[in-house]
Structures are given as structure tokens and as C-alpha cells.
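S.K.: What follows is a structure written as C-alpha cells; I'll ask about it next.
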Amino acid sequence: TSLTATWSGIANPSNGDWIGLYVPGTANTSYLSWRFTAGTSSGSVQYNIPVSLKPGTYELRLFGNNSYQVLATSNQITVT
């Protein structure tokens, strides 16, 4: 299964910007999966949900330039 991750308004986009999948409330270092963005200030990418993911509530977090600096957090995502 996949979803489309969309973002806009990154002031200083870089090829190191990335999106991680998280359980809400966990540390930024505790991602379950991740992928790079397109390195643009706005855009979208297909985000594949790992088949091993257990049912529950998750969120995507957008980070800048290979860091754990959160630029945005998605609404919660329910996996059934």
C-alpha cells in the first residue's frame, strides 16, 4: 500500500530533505521507514507503507537537509 506525501513552503530545499514514517509521540530518531523528497520547495512523492507495519496510528514527518529538524508533520494516518 502507498500514499502520496505532499509538501509546500520549504524555504531552503535540498536533495537531503526527507520524510519519515513514525508512531505519534516517538523521538525523531525512531523512524519506521523513510525516503528522500524531490529536493524542491513544494511537491509530492509516493510513500510506500511497509508490509510489515502493524495496524495502528502513524504520521509522516518532513525533515530538512539530512537532519532531524522537523519542517512539518502530517495528520495522523490509520493503518488497518
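S.K.: Give the label of the value calculated from the structure for Rg and Dmax of the Cα atoms in Å, choosing from (i) 12.0, 36; (ii) 12.2, 39; (iii) 16.6, 54.
M.R.: (i)
S.K.: Could you rank the peptides 52-59, 15-22, 37-44 by their average count of other C-beta atoms within 10 Å per residue, with the highest value first?
M.R.: Descending packing order for the listed peptides: 15-22, 37-44, 52-59.
S.K.: Quick check: at a probe of 1.4 Å, how many percent of the accessible area of segment 2-80 sits on carbon and sulfur atoms?
M.R.: Working: 2230 of 4600 Å².
Its accessible area is 49 percent carbon and sulfur atoms.
S.K.: Determine, for each peptide in 27-36, 63-72, the mean count of other beta carbons within 10 angstrom over its residues, then list the peptides with the highest first. The partial results should precede the final answer.
M.R.: Working: 27-36: 12.8, 63-72: 14.9.
Highest to lowest by the protection proxy: 63-72, 27-36.
S.K.: Also, quick follow-up: State in Å² the accessible area per residue of the chain; use a 1.4 Å probe, count heavy atoms of protein chains only, and round to the nearest integer. Please list the in-between numbers first.
M.R.: Details: 4730 Å² over 80 residues.
Result: 59 Å² per residue.
S.K.: Here is a follow-up. Please give the net charge around Asn66, taking every other residue with its beta carbon less than 15 angstrom from that of Asn66, where Lys and Arg add +1 and Asp and Glu add -1.
M.R.: On the way: positive: Arg35, Arg61; negative: Asp17.
Its environment carries a net charge of +1.
S.K.: Hey, can you grab everything whose amide H is under 5 Å from the amide H of Ser33? Only 5+ residues off in sequence or another chain; H modelled, so Pro and N-termini drop out.
M.R.: Amide H neighbours of Ser33: Leu21.
The values are calculated or read from the model by the stated rules, or taken from the named source; none is laboratory data. The structure presented is a predicted model; accordingly, all values stated were derived computationally and were not measured. Here the Cβ is made from the backbone with ideal geometry for all residues, glycine too, and neighbour counts use every protein chain on show. Just so you know, the surface numbers come from the protein's heavy atoms only, side chains and all, with ligands and any DNA or RNA stripped out. Shrake-Rupley method; radii C 1.70, N 1.55, O 1.52, S 1.80 Å.
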